[in-house]
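Colleague: Supplied in C-alpha cells, the structure appears directly below.
The values are calculated or read from the model by the stated rules, or taken from the named source; none is laboratory data. Source: prediction; values computed, not measured. Cβ coordinates were reconstructed from backbone atoms using ideal geometry, including for glycine residues, and neighbour counts include every protein chain displayed. Heads up: the accessible areas ignore ligands, DNA and RNA and are worked out on the full protein's heavy atoms, side chains in. Shrake-Rupley method; radii C 1.70, N 1.55, O 1.52, S 1.80 Å.
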Amino acid sequence: MVNKHLKYGDGCDSCGRRWTADRRDTWTEEDWATLTNELYRCVTCGNSLWCKTCCVDRHRCTPLHSLRVWQGKGFFEKVTLRELGLVYQLGHQGGSCAVPKKAKVVTVMHVNGVHQPCIQHCGCNRHADNANTWQEPMESGWYPATTVNPQTFATFEVLNYYRQLNVSATVNVCDFVTCLERLTNPLGLEWVPERYKLFAIMTRQWSFLKRMRRRGIAHLPGGIKSATLGLATVRCWACPRPKVNLPEGWCNVAENLKYHCLYLGFDSNFCMDSKLRRLSKYKAYPILADGLGCIVPSKNYTEHLKHYVTMCIAFAALMQKETRQSAGLRTTGVGGCICTRHEIIRPLGLGDLLKGERYANMDYIFWASLLGEEVADILVSYDIGCQWQVHLAERHKGMPALLRADPPAGVNCPSIMVALPVWHGAVHEEDCTYANSMRYRTGAGMTDGEGVERMWSLLNPFATATREMHADARHENLEDVINNHNSVITLLPKRLEVAKEERAKQKSNFAQSSMALGPEVRAQWQADIVAWHSQESLPQA
C-alpha cells in the first residue's frame, strides 16, 4: 500500500509535500530508505499518510493516538508522539501557553492502551488560581489518581468504558488493566507501567461521582453530607409516589378504582456471600456514599445487629443456613427488597446476612426500604411470609429510632399485607397456600411475587468477584451494578404492551360473562368475593 501511495499519491495527505522526483525510476534502495523515514500513519485516525511535521501538528490536541512509522524496512513500526517531540499543553487543550511550566512525562490510561506523553502545566494568568495540578487534566478529560502532584491519569472515556463492561459483562479491574497492557505491548517485550491498584481506586471514585451526578446530589445546599438516606438510588418510575406520579386526591377514589398499592418482593440470596478478609492497620476502608443508595447504612445496621436479641424461630427455611459451613465468611448472603411488579431494587433494599435468614436482618431491611413512603397500602410477597408476618408490628418497636420515625404530617401509616409468591406458595400446606397466596390477594392480579428471584439472577454473576472483595469495595461494586440495572428501562415497555392487550381481552370477556348472568347471580357472586377478602382465614375454617 505504501509503495502504491508513493507511486500514485506523490505527497503528504495533509500538506501535499512531494515524495517523488522526476527520475524516481533510477532511485537506489538507499534513496528510498532516506525518503520514507518520515512517512507516518495514525492507527486511530485512519490510513492517511503524513510527513513528520504534519503528523505532529495534527495531534497537538490528541496526544493519546497510536502512531506507526515507515522506515523502509517493508513494514510499519510503532512510534509515540513523545518520540516525535510533541509536548501536550494542559490548560489550553493542546494550544499554546505564554508561560508554560516545566515539561514532564506522565502515565495516561486510555481505551487504546497505556501511554506516557510529555505534558506541560499552564503558568499564565488564565489558570493562576489553579494551585492544584489536578484541575487542568480534568479539563482535558483526564482523571487524576491523586490530587497532589498527580503522575498517573485515566481518561474519562476509559473509565466509562470499564464501568459499562463491569456492570454488563462482569469484567474486573485486573483483567481490564491486563487488556490495556496487551494493547500497549502485545508481545510483552517492552516495559509497561503497572497501574492496577491506582486504576482500581480511580474506578471506585468515578462510579461514585457518576451516581451522585445522576441524582444531582452535589447541587444540594449542604452538599453530599446533607443527602437523605437512599437519595442516590434510581427509583422505580412506575411505582406509586405521591407528588410524583399520583394525582391530587389519589387517596379519595372509590374502592374499585384504587391503583396506588405498592407491591414489594422480599427474599434472601445465599449465593452472594463474602469472605472474611484481613484488614491492614495502616489503611482506611471507607464506603463512599454509605446509606445513600440501595444498601442499608453499614454503621447503623451493624449497631442494630449487635444489640438484637434473637427470637425463637420455628420455620425450617429460616434455619437453612445455620447448619451449613460458614467458617471464614464475613456474610453468608444478602437480603433484598424490590418492587415485584417492575423488578427495581428499592432504596435501602439490600443488606448483608451475617448467618442465615434471621428476622433481625430481614426486618431491618424491610423497614429501611419503606423510609419516606407515603402510600396507603403495601402488599409484600415473601416465601416465608406466613410466619414472618406474625408479630411483625411488635418487632417494629424494637427497630432503631431511624426506622421508627413518624410519617409526615397528614400521612397515615400504611396498611401492610403479606402474601406468599405463587411458585413458592405451592410448596406450603394447602390451607396456608389458600390463605396467603398472591393469587388470592385483592388487587394482585397476575403478579406472581417472584420478581425478587429473577433479580438474584442479575446479581449472582457478580458473586464470584465480590466474594473476594473487602466490604468497602464490595459495597460500591454492588451499588454500581444495581444503579445500572435500575437505570435501564427495558422491562416496563414490554409489560405495558402486554397489559394493554390483556386488558382488552379481559374487558371483553367480563362484559360477555356479565350479560349472560342475571342480576341476582351477580349480586351473590360479589357478596361471596367480599366475604372471602374480609376473612382471609376463611378456607381454614
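Colleague: What value, in deg cm²/dmol to 500, does the helix sum -39500 (n - 2.57) over DSSP H runs of n ≥ 4 give at 222 nm once divided by the residues of the chain?
Modeller: The helix contribution divided over the chain gives -9500 deg cm²/dmol.
Colleague: Relative contact order for the chain using alpha-carbon pairs under 8 Å, separation at least 6, rounded to a whole percent? Mind showing how you got there, number by number?
Modeller: Numbers: 789 pairs, mean separation 55.4, N = 541.
Relative contact order here is 10 percent.
Colleague: Here's something else I'd like to know. Structure shown: which of Lys197/Lys283; Lys102/Lys283; Lys73/Lys104; Lys197/Lys281; Lys104/Lys197 lie over 24 Å apart, alpha-carbon to alpha-carbon?
Modeller: Details: Lys197/Lys283 14 Å; Lys102/Lys283 34 Å; Lys73/Lys104 32 Å; Lys197/Lys281 18 Å; Lys104/Lys197 22 Å.
Flagged as over cut-off: Lys102/Lys283; Lys73/Lys104.
Colleague: So, one more: With every protein chain left in place, what is the accessible area per residue of the stretch 150-196 in square angstrom, probe 1.4 Å?
Modeller: On the way: 2620 Å² over 47 residues.
Per residue, the stretch 150-196 has an accessible area of 56 Å².
Colleague: Using only the alpha-carbon atoms, how far is helix 519-534 inclined from the longest principal axis of the chain? Give it as 0 to 90 degrees, nearest 10.
Modeller: Taking the Cα atoms of the chain, the angle to 519-534 is about 70 degrees.
Colleague: Under a point-charge model restricted to the Cβ atoms of Lys and Arg (+1) and Asp and Glu (-1), what is the dipole moment magnitude of the chain relative to its Cα centre, in debye to the nearest 20? Display every interim value, and only then the final one.
Modeller: Details: 62 positive and 53 negative charges, 327 e Å.
With Lys and Arg at +1 and Asp and Glu at -1, about 1580 debye.
Colleague: Now a separate question. Quick one: if you take sqrt(5λ) for each eigenvalue of the C-alpha gyration tensor of the stretch 336-401, what semi-axes come out, biggest first, whole angstrom? Don't skip to the answer; put the middle values down first.
Modeller: On the way: eigenvalues 61, 43, 36 Å².
So the equivalent ellipsoid measures 18, 15, 13 Å along its semi-axes.
Colleague: Moving on to the next point. For the chain, count all C-alpha to C-alpha pairs, find those more than 34 Å apart, and express that count as a whole percent of the total. Working shown, then result.
Modeller: On the way: 79875 of 146070 pairs.
Result: 55 percent of Cα pairs exceed 34 Å.
Colleague: Rounding to the nearest 10 and keeping the result within 0 to 90°, find how far the Cα-based axis of helix 359-369 lies from the longest principal axis of the chain.
Modeller: Tilt relative to the chain: about 70 degrees.
Colleague: What order do you get for 213-226, 446-459, 162-175 when each peptide is scored by the mean count of other beta carbon atoms within 10 Å, highest first?
Modeller: On the way: 213-226: 11.6, 446-459: 19.2, 162-175: 15.9.
Per-residue Cβ counts within 10 Å, averaged per peptide and sorted highest first, yield 446-459, 162-175, 213-226.
Colleague: Right, something else. Once both labels are modelled 7 Å past Cα along the beta-carbon direction, what's the Thr62-Glu303 spacing in nm?
Modeller: Those two pseudo-labels are separated by 5.5 nm.
Colleague: Then there's this: Would you work out if the stretch 202-260 is rounded, prolate or oblate? Take a ≥ b ≥ c from the square roots of the eigenvalues of the alpha-carbon gyration tensor; rounded if a/c is under 1.5, else prolate when a/b is larger than b/c, oblate otherwise. Present the calculation step by step, with values, prior to reporting the outcome.
Modeller: Numbers: a/c = 4.59, a/b = 2.60, b/c = 1.76.
Verdict is prolate for the stretch 202-260.
Colleague: Same structure again: For the stretch 228-279, just list the percent of Cα-Cα distances falling in each 10 Å bin from zero outward, please.
Modeller: 16, 31, 26, 14, 9, 4
Colleague: Could you sort 57-67, 361-371 so that the peptide with the highest average Cβ count within 10 Å comes first and the rest follow in order?
Modeller: Values: 57-67: 18.0, 361-371: 23.1.
The most tightly packed comes first, giving 361-371, 57-67.
Colleague: Give me the angle, in degrees from 0 to 90, between the Cα long axis of helix 491-516 and the longest principal axis of the Cα atoms of the chain, rounded to the nearest 10.
Modeller: It works out to around 30 degrees.
Colleague: How big, in percent, is the set of alpha carbon pairs in the stretch 183-229 lying more than 15 Å apart? Display every interim value, and only then the final one.
Modeller: On the way: 670 of 1081 pairs.
That tail contains 62 percent of the Cα-Cα pairs.
Colleague: Could I ask something else about it? Tally Lys and Arg at +1 and Asp and Glu at -1 over the other residues with C-beta under 13 Å from the C-beta of Gly451: what net charge comes out?
Modeller: Numbers: positive: Arg341, Arg346, Arg454, Arg495; negative: Asp267, Glu343, Asp383, Asp448, Glu450, Glu453.
Computed value for this residue: -2.
Colleague: While we're here: Compare the Cα positions of Met399, Leu458, Gly425 along the charge dipole of the stretch 375-474 (+1 at Cβ of Lys, Arg; -1 at Cβ of Asp, Glu; about the Cα centre) and return the one farthest towards the positive end.
Modeller: Among Met399, Leu458, Gly425, the one farthest towards the positive end of the dipole of the stretch 375-474 is Met399.
Colleague: In nm, give the distance between the simple-model label positions of Ala200 and Cys413, each being 7 Å from the Cα along the Cα-to-Cβ direction.
Modeller: 4.7 nm
Colleague: Just list whichever of Lys397/Lys500; Lys78/Lys210; Lys275/Lys494; Lys225/Lys397 have alpha carbons separated by over 32 Å in the model shown. Write down the numbers at each step before the final one.
Modeller: On the way: Lys397/Lys500 42 Å; Lys78/Lys210 35 Å; Lys275/Lys494 39 Å; Lys225/Lys397 28 Å.
Check vs 32 Å cut-off fails for Lys397/Lys500; Lys78/Lys210; Lys275/Lys494.
Colleague: Another question about this same structure. Please sort 83-91, 45-53 by packing, taking for each peptide the average over its residues of neighbouring beta carbons within 10 angstrom, highest first.
Modeller: Working: 83-91: 18.3, 45-53: 16.1.
Peptide ranking by packing, descending: 83-91, 45-53.
Colleague: Here's another thing I want to ask about it. Answer rounded, prolate or oblate for the stretch 416-541, using the Cα gyration tensor with square roots of eigenvalues a ≥ b ≥ c: rounded when a/c is under 1.5, else prolate when a/b is larger than b/c, else oblate. Numbers along the way, then the final one.
Modeller: On the way: a/c = 3.94, a/b = 1.88, b/c = 2.09.
The shape class here is oblate.
Colleague: With +1 on each Lys and Arg Cβ and -1 on each Asp and Glu Cβ, and nothing else charged, work out how big the dipole of the stretch 325-472 is about its Cα centre, in Debye to the nearest 20. Present the calculation step by step, with values, prior to reporting the outcome.
Modeller: Details: 12 positive and 18 negative charges, 55 e Å.
Charge dipole of the stretch 325-472: 260 debye, to the nearest 20.
Colleague: Something else about it: Using only alpha-carbon positions, what ratio does the radius of gyration of the stretch 150-238 give when scaled by 2.2 N^0.38 Å?
Modeller: Numbers: Rg = 16.8 Å, N = 89, 2.2 N^0.38 = 12.1 Å.
Against the empirical 2.2 N^0.38 Å value, I get 1.39 for the stretch 150-238.
Colleague: For an R0 of 35 angstrom, estimate the FRET efficiency from the Cβ-Cβ distance between Ala218 and Ser513 and round to the nearest 0.05.
Modeller: After rounding, the FRET efficiency stands at 0.05.
Colleague: I want to check the label-to-label distance for Gln164 and Asn245. Put each point 7 Å from Cα in the C-beta direction and report it in nm to one decimal.
Modeller: Label at Gln164, label at Asn245, 2.6 nm between them.
Colleague: Under a Cβ-Cβ cut-off of 13 Å, what is the net charge of the residues other than Arg82 that fall near it, where Lys and Arg count +1 and Asp and Glu count -1? Spell out each step's value before the answer.
Modeller: Values: positive: Arg60, Lys78, Lys104; negative: Glu83.
Charge balance near Arg82 sits at +2.
Colleague: When only the heavy atoms of the protein chains count and the probe is 1.4 Å, how do Tyr382, Tyr263, Tyr196 rank by accessible area, highest first? Show your work: numbers first, answer last.
Modeller: Values: Tyr382 0, Tyr263 20, Tyr196 90 Å².
Descending order: Tyr196, Tyr263, Tyr382.
Colleague: FRET efficiency for His396 and Trp532, Cβ-Cβ distance as r, R0 = 30 Å, nearest 0.05?
Modeller: Calculated transfer efficiency: 0.60.
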